[in-house]
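To start, the structure itself, in structure tokens.
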Amino acid sequence: MRKLLIATNNKGKVKELHDLLKGLDVELVTPAGIDLKLDVDEDGADYAENAAKKAIAFAQASGLVSLADDSGLEVDALDGAPGLHSARYHPKPGATDADRRAYMLENLQDKPRPWKAHFHATIAIAVPAADVHFAEGNCYGEIIPEERGTGGFGYDPIFLFPELNKTMAELEMDEKNRLSHRAKAVMNAIHVLKKLFEI
Ligand code: ITT
């Protein structure tokens with residue numbers, strides 16, 4: 001059976017990627033499922049470099065084709081921050097997703113609304129001892145000053161799709177998985193996966 005490792009330690013991403021990839025005729029494997037604990041230093045200069053570092057490290061450690069995602073939220077009024085640093089956007093080490101959302105709102109409070117923003121995802125697919133393939137996706141919306149919804153993870157409760165009047169955290173997973181940056185990146189990666197696995 002063909003196997004694909006979902007190369008992330010973020011539980012929210014694991015769930016979404018699993019759902020996005022479940023239609024492919026491959027066995028989806030998670031790091032927890034193969035007892036693989038790997039922390040990769042995300043010190044690359046851009047999303048692609050970080051995604052490749054993660055995908056290659058997991059492919060080497062597992063011997064499996066590995067799909068990693070490097071993503072972030074870019075807020076226009078913060079000159080594109082936190083972007084690449086979205087997972088670490090807080091002065092205190094050990095901060096939670098909720099701390100980072102509060103910190104973002106603090107930094108935005110004096111800026112005129114709407115606070116336009118977009119999520120970006122770069123996916124890297126590494127074949128052990130061979131090539132790395134890339135795909136990207138974006139989705140556009142705005143940051144709102146109060147949290148709404150309980151779904152998703154990270155910045156989802158403060159990221160609004162104005163045309164739906166719903167935050168990312170108010171969407172069912174299948175809706176998020178039609179609209180999100182990650183969904184678009186996976187869509188753009190499907191032809192690579194089909195070619196790699198000859199399906
Ligand atoms: P891995 O590296 O193990 O995949 P991570 O959480 O560290 O997990 P990233 O370095 O790619 O992943 O950081 C992306 C951060 O951007 C993530 O922790 C969230 O804070 C934010 N983010 C990315 N996608 C998001 C989404 O769909 N909804 C909300 N926040 C998201």
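The values are calculated or read from the model by the stated rules, or taken from the named source; none is laboratory data. What you see is a predicted model, and the numbers here were worked out from it, not measured in a lab. Note that we place each Cβ from the backbone using ideal geometry, even for glycine, and neighbour counts take in every protein chain shown. These accessible areas exclude ligands, DNA and RNA; they are computed on the full protein's heavy atoms, side chains included. Shrake-Rupley method; radii C 1.70, N 1.55, O 1.52, S 1.80 Å.
Things worth noting here:
- Selected residue (only one of 68, 95, 117, 81 is within 13 Å of the ligand (Cβ to nearest atom), surrounded by fewer than 19 Cβ atoms within 10 Å (Cβ to Cβ) and closer than 30 Å to residue 132 by Cα): 81
- Filter result for residue 51 (modelled with pLDDT of 95 or more, small (Gly, Ala, Ser) and within 29 Å of residue 105 (Cβ to Cβ)): yes
- Positions within the range 37-53 being crowded, with 16+ Cβ neighbours inside 10 Å and touching a helix residue (DSSP H, G or I) at 6+ places or on another chain (Cβ under 8 Å), in sequence order: 40, 42, 44, 47, 50
Here's the yes/no breakdown for (1) over 14 Å from the mean Cα position of the chain (by Cα); (2) away from the ligand (no atom under 12 Å from the Cβ); (3) outside any strand (DSSP E or B); (4) of a type outside the set (Val, Ile, Thr):
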residue: 124; (1), (2), (3), (4): no, no, no, yes
residue: 128; (1), (2), (3), (4): yes, yes, yes, yes
residue: 133; (1), (2), (3), (4): yes, yes, no, yes
residue: 136; (1), (2), (3), (4): no, yes, no, yes
residue: 148; (1), (2), (3), (4): yes, yes, yes, yes
residue: 153; (1), (2), (3), (4): no, no, yes, yes
residue: 160; (1), (2), (3), (4): yes, yes, no, yes
residue: 174; (1), (2), (3), (4): yes, yes, yes, yes
residue: 182; (1), (2), (3), (4): no, no, yes, yes
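- Of all residues making up the range 46-64, the number that are small (Gly, Ala, Ser) and within 17 Å of the chain's Cα centre (by Cα): 4
- Complete set of residues in the range 15-31 that are surrounded by 19 or more Cβ atoms within 10 Å (Cβ to Cβ) and in a helix (DSSP H, G or I): 16, 17, 20
- Residues in the range 1-14 that are surrounded by fewer than 17 Cβ atoms within 10 Å (Cβ to Cβ), closer than 26 Å to residue 171 by Cα and either free of Cβ contacts under 8 Å to residues at least 40 places away in the same chain or more than 15 Å from the ligand (Cβ to nearest atom) (or both): 1 in all.
- Within this structure, residue 75 fails the test of being crowded, with 21+ Cβ neighbours inside 10 Å and either among the polar types (S, T, N, Q) or over 17 Å from residue 46 (Cα atoms) (or both).
- Note on the range 132-177: residues that are open to solvent by 20 Å² or more (accessible area, probe 1.4 Å) and either farther than 14 Å from residue 119 by Cβ or at pLDDT below 95 (or both) amount to 20.
- Selection of the range 17-42 for residues being touching a strand residue (DSSP E or B) at 6+ places or on another chain (Cβ under 9 Å) and among the acidic types (Asp, Glu) yields 27, 42.
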